[in-house]
1. Condition first: in a helix (DSSP H, G or I) and surrounded by fewer than 24 Cβ atoms within 10 Å (Cβ to Cβ). Now tell me which residues in the range 80-99 satisfy that.
2. Anything in the range 65-79 that is surrounded by fewer than 21 Cβ atoms within 10 Å (Cβ to Cβ) and touching a Lys or Arg at 6+ places or on another chain (Cβ under 9 Å)? List them, or say none.
3. What helices (runs of 4 or more DSSP H) lie completely within the range 179-252 and have 3 or more residues being over 26 Å from S158 (Cβ atoms)?
4. Find all pairs meeting these conditions: Cβ atoms under 6 angstrom apart; at least six residues apart or on different chains; first residue within the range 94-123 and of a type in the set (S, T, N, Q); second residue surrounded by 15 or more Cβ atoms within 10 Å (Cβ to Cβ).
5. Quick check, is A210 under 30 Å from L127 (Cα atoms) and in contact with a Pro (Cβ under 6 Å, 6 or more places away or on another chain)?
6. If only one of L190, L161, L236 is in contact (Cβ under 8 Å) with a residue 60 or more places away in the chain, closer than 30 Å to W66 by Cα and surrounded by fewer than 20 Cβ atoms within 10 Å (Cβ to Cβ), which one is it?
7. Cβ-Cβ under 9 Å, sequence separation 6+ or interchain: first residue in the range 4-24 and in a helix (DSSP H, G or I), partner at pLDDT 80 or above and surrounded by 10 or more Cβ atoms within 10 Å (Cβ to Cβ). Which pairs?
8. Looking only at residues that are exposed (fewer than 15 other Cβ atoms within 10 Å of the Cβ) and not aliphatic (A, V, I, L, M) in the range 100-112, which one is nearest to the chain's Cα centre (by Cα)?
Amino acid sequence: MRSHPDRVFGLIAVLVAVFLLLPIFVIIPLSFNPEPYFSFTRKMILLDPQGWSLRWYREVAESAQWRMALRNSVTIAAIVTPAATVLGTCAAMGLRRLSGRQRTAVALVISSPLIIPVIIVATGTYLFFAELGLTQSLVGIVLAHIVLASPFVVVTVSSTLKAFDARLLQAAATLGACPIRAFIRVTLPLMSQGILAGALFAFATSFDEAVVTLFLAGYDQRTIPLQMWSGVRDQLSPAVLVVASLLVLTMSGVVALAKIVERLLFQQRKA
């Protein structure tokens, strides 16, 4: 039996979760509004079937601008996620080999994109990339997103490595494993949860980034967040609600998939 304080704290946790998630998930029913404004109609509140429509879903599916934005976002995220994951993992392993003061200094530099206001990062990135001719190009956006996403991987992998026992590598070497084989068979499985979490953060950071992309992207490099910003600023189209709903469901699915993979990895490692 759970004690009374445990029930109280559990109820508080549920209420906080509802408070945080309700504003996010309320956009899903709003995306079925047949009218061109952001509010529930009387028919929707009364659950009248005629008050619900797929009008804005069809508009998004038929829009060349939304298709281009989706293609750009998926392309950029598909490149940034593995690149940031590899770089962040290597950086975390390198930090582990540094002394205390060196590790603190280097970690502070690596995590600076997480600390410095994003508008300052965007301005500095634009001025630097303008000199290199990388503005209004997917290459420039990819490089900028890698810089923003890699620190998340460093943080998650570093947290995993704190519990890593270096004597396991010595044992592997004693049994005849070369450094590469020891890394694949010993280090990598123990870091897998941190790497998976870092890759998830890298994907979400790249797919959701708007400010830096706004500075670097031209019309042909417009991503989903920029297209949503344009939809809200220029014409206040409810199509934005459709895309936001799809993003919420997609990210929820990605998180659920990551949890399943993490559980499978944990069970495999435990076995």
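1. P82, A83, V86, L87, C90, A91, M93, G94, L95, R96
2. Selection gives Q65, M68.
3. Details: elements: 179-182, 188-208, 211-216, 224-230.
By residue number, 211-216, 224-230.
4. Filtered contacts from the range 94-123: S111/P151.
5. Yes, satisfied.
6. On the way: L190 fails: closer than 30 Å to W66 by Cα; L161 fails: closer than 30 Å to W66 by Cα.
On inspection, the qualifying residue turns out to be L236.
7. As it stands, the answer is I24/A244; I24/V248, since those pairs meet every condition given.
8. Applying the filter and picking the extreme gives S112.
The values are calculated or read from the model by the stated rules, or taken from the named source; none is laboratory data. Since the structure is predicted, the reported quantities are computational estimates derived from the model, not experimental observations. Here the Cβ is made from the backbone with ideal geometry for all residues, glycine too, and neighbour counts use every protein chain on show.
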